[in-house]
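S.K.: Sharing a structure below in structure tokens format, with a few things to ask.
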Amino acid sequence: MMTENQPTLDNKGRNELTRLIFAVGKIDIIDEEISMVEYMKRRDAGKLPYGQVPTLQLSNGLVLGQSCAIARYAARLASLYPETPTAAAKADAVVESWRDQLDLFYDVVFERTVIGGKLQMFPRPQYQRAQLMELYLRVSFQPWLAQIDAQLASGFVCSQHLCFADLAIFDLVRTIESISNPATFEPLLEAHGRVHELTKYVGNLPEVTEYLTRHPYKDIRHFVAHPTVLQRFLEACVLPSLKMLLGAWVKARGCFDGVFKPRTETSVHAAPMPSLLQSPCTSKQLHDN
């Protein structure tokens with residue numbers, strides 16, 4: 001797994017659902033981390049499908065792109081993908097909503113802007129993050145919890161069995177918990193009892209417990225804390241200059257040589273959280289799936 005070193009989001013992001021699927025399915029993967037510079041080099045060299053990540057490299061060299069497609073593939077290998085068309089569609093819808101919520105959450109922390117001729121994600125000023133986080137919890141995350149809670153009558157997304165959509169719910173809840181004030185988050189989650197119980201169930205699975213012992217969801221609340229007057233002043237001075245210097249640097253490094261090609265809408269809405277999952281599955285597995 002190739003993950004851009006972004007400590008602001010604990011290197012999880014859209015990678016984490018696939019990691020959880022492989023953990024629960026007891027499937028070993030190679031987890032590789034690279035720098036932002038290396039990510040841009042591989043992207044501009046055409047080594048990353050759609051010019052973005054996460055990606056999944058199979059044992060035959062094929063590289064898959066798009067986080068939800070990768071998660072579905074991993075879920076099939078791990079026997080966590082529903083067998084019937086109706087159940088599969090229901091689970092897919094929940095996972096798509098997980099992706100939508102992550103996009104909205106990333107908009108709290110980052111702004112999308114063109115730097116060096118490419119669309120990039122750049123940190124928002126601290127005061128904007130604090131305001132947007134409060135707004136996100138109220139107008140997006142809370143309604144999502146209610147929508148998901150209504151679909152968990154049996155305790156799981158698909159009848160009585162755990163599937164990859166349940167892991168997506170767990171991941172988003174734990175991600176938002178890691179950046180939220182407990183006094184605000186805990187009553188919000190407890191008000192949606194089915195989601196709360198599912199989250200506790202998944203978190204207590206031995207495979208998930210063992211995995212999170214090594215790769216925990218870290219407390220990142222300081223990224224949306226209300227800034228001091230000094231912090232606001234420094235950000236007002238530093239961030240514009242940093243953005244300008246970064247644009248000049250990438251051009252000087254030649255990372256973006258050539259004619260700029262606009263991205264598709266799908267690429268525009270994808271946060272650059274680079275990740276390369278290298279699954280050691282056999283050729284027979286690849287053809288059978």
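The values are calculated or read from the model by the stated rules, or taken from the named source; none is laboratory data. Nothing here was measured: the structure is a model prediction, and the numbers come from that model. Methodologically, a virtual Cβ is constructed for each residue, glycine included, from the backbone with ideal geometry; neighbour enumeration extends over all protein chains shown. Areas reflect the complete protein model, heavy atoms only, side chains present, ligands, DNA and RNA absent. Shrake-Rupley method; radii C 1.70, N 1.55, O 1.52, S 1.80 Å.
S.K.: What pairs from 47/200; 47/90; 26/218 go past 29 Å between their alpha carbons?
M.R.: Over 29 Å Cα-Cα: 47/200; 47/90.
S.K.: What is the local net charge at residue 181, summed over the other residues whose Cβ is closer than 15 Å to its Cβ (Lys, Arg +1; Asp, Glu -1)?
M.R.: Neighbourhood net charge equals -2.
S.K.: Quick one: net charge around residue 56, please, counting Lys, Arg +1 and Asp, Glu -1 for every other residue with C-beta under 13 Å from its C-beta.
M.R.: Local charge sum for residue 56: +2.
S.K.: Within the set of other residues whose C-beta is less than 14 Å from the C-beta of residue 194, count the net charge using Lys and Arg as +1 and Asp and Glu as -1.
M.R.: Residues near residue 194 contribute -3 overall.
S.K.: Round to a whole number: what % of the accessible area of the stretch 156-207 belongs to carbon and sulfur, probe 1.4 Å?
M.R.: 50
S.K.: To continue, here is another question. What does the charge dipole of the stretch 91-196 about its Cα centre add up to, to the nearest 20 debye, if the Cβ of each Lys and Arg holds +1 and the Cβ of each Asp and Glu holds -1?
M.R.: Result for the stretch 91-196 is approximately 320 debye, rounded to the nearest 20.
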